[in-house]
Amino acid sequence: MEHEDFSCTKCGRCCFGMGKYVKAISQMGANQVVVKHEISGETCYAMIPRKYRDDFDFAEARSVTEGWCPFLLEEEGEYPCIIYDTAPKFCKDFQCCRMMVFDAEKIPVARVKGKDSVLTDDDTFSEWWKSTIAVLPDENWEEVASSLLEDKGYRAVWYD
């Protein structure tokens, strides 16, 4: 089985609904914001990098009560967190999946959270997963799944 450290792809899916949990509490100058994460209870001092300062509106961020996290930005098809380097630990430690599946051209096909939870836009892959992987016994399912995926021409990367 292939293992790698998790690396955020900036898809934004984890943060699209975090507006009710990540709060901009107060601003300390043009580049620092006090942030509270309601799930973990953590409070941190987040830095707004220079390249985002002109676009960051504290009053707007403070008024977010649901929807997107106030620090999520859409940028050329990606969704970077503008405070990622100084974000709450809860956010930085979050992993959206346990495994990524890539096709022969190294294009992501699916994100896997567990044997019964696969996120993909490929209906054929989804049906194959449900009939082949989701039915595997719990013991050693990761190794068997990796082998079956490899036999089908996919590459499975597990995150530690």
For Lys106, which aspartates and glutamates qualify as cross-link partners when the Cα separation must be under 18 Å and same-chain residues fewer than eight apart are set aside?
Glu2, Glu4, Asp5, Asp121, Asp122, Glu150, Asp151
Rounded to the nearest 10 Å², the 1.4 Å probe accessible area of Thr65 is 90
Can you give the angle from 0 to 90° between the axis of helix 123-132 and the longest principal axis of the chain, with both taken from C-alpha atoms, to the nearest 10?
60
Please compute P(r) over all alpha-carbon pairs of segment 65-160, binned at 5 Å starting from zero, and give each bin as a whole-number percent.
2, 11, 19, 20, 15, 12, 11, 9, 2, 0
Would you mind checking the tilt of helix 141-151 against the longest principal axis of the Cα atoms of the chain, expressed as 0 to 90 degrees and rounded to 10?
70
Candidates Ile83, Ile25, Ile107; GNM for the chain (alpha-carbon contacts under 10 Å) flags as most fluctuating Ile107
Taking the Cα centre of the chain as the origin, how large is its charge dipole in debye, to the nearest 20, when only Lys and Arg (+1) and Asp and Glu (-1) carry charge on their Cβ atoms?
760
How many Å² of accessible area per residue for segment 1-90, probe 1.4 Å?
62
Sorted by chain and number, the residues with a modelled amide H under 5 Å from that of Ala110, at a separation of 5 or more or across chains, are Val101
Rounded, prolate or oblate, given the Cα gyration tensor of the chain, with a/c below 1.5 counting as rounded?
prolate
Under a 1.4 Å probe, counting only protein heavy atoms, Trp158 has an accessible area in Å², nearest 10, of 10
Name the lysines eligible as straight-distance cross-link partners of Lys23: C-alpha to C-alpha under 30 Å, and not fewer than 8 places from it in the same chain.
Lys10, Lys36, Lys51, Lys89, Lys92, Lys113
Of Val118, Cys91, Pro137, which is farthest on the positive side of the dipole of segment 80-141, counting Cα position, with +1 on Lys and Arg Cβ, -1 on Asp and Glu Cβ, and the Cα centre as origin?
Cys91
Can you give me the % of accessible surface on the chain that is carbon or sulfur? Probe 1.4 Å, all protein chains present, nothing else counted.
47
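The values are calculated or read from the model by the stated rules, or taken from the named source; none is laboratory data. Quick caveat: nothing in here was measured; it's all calculated off a predicted structure. Note that we place each Cβ from the backbone using ideal geometry, even for glycine, and neighbour counts take in every protein chain shown. To get the accessible areas, we keep the full protein, side chains included, count just its heavy atoms, and leave off ligands, DNA and RNA. Shrake-Rupley method; radii C 1.70, N 1.55, O 1.52, S 1.80 Å.
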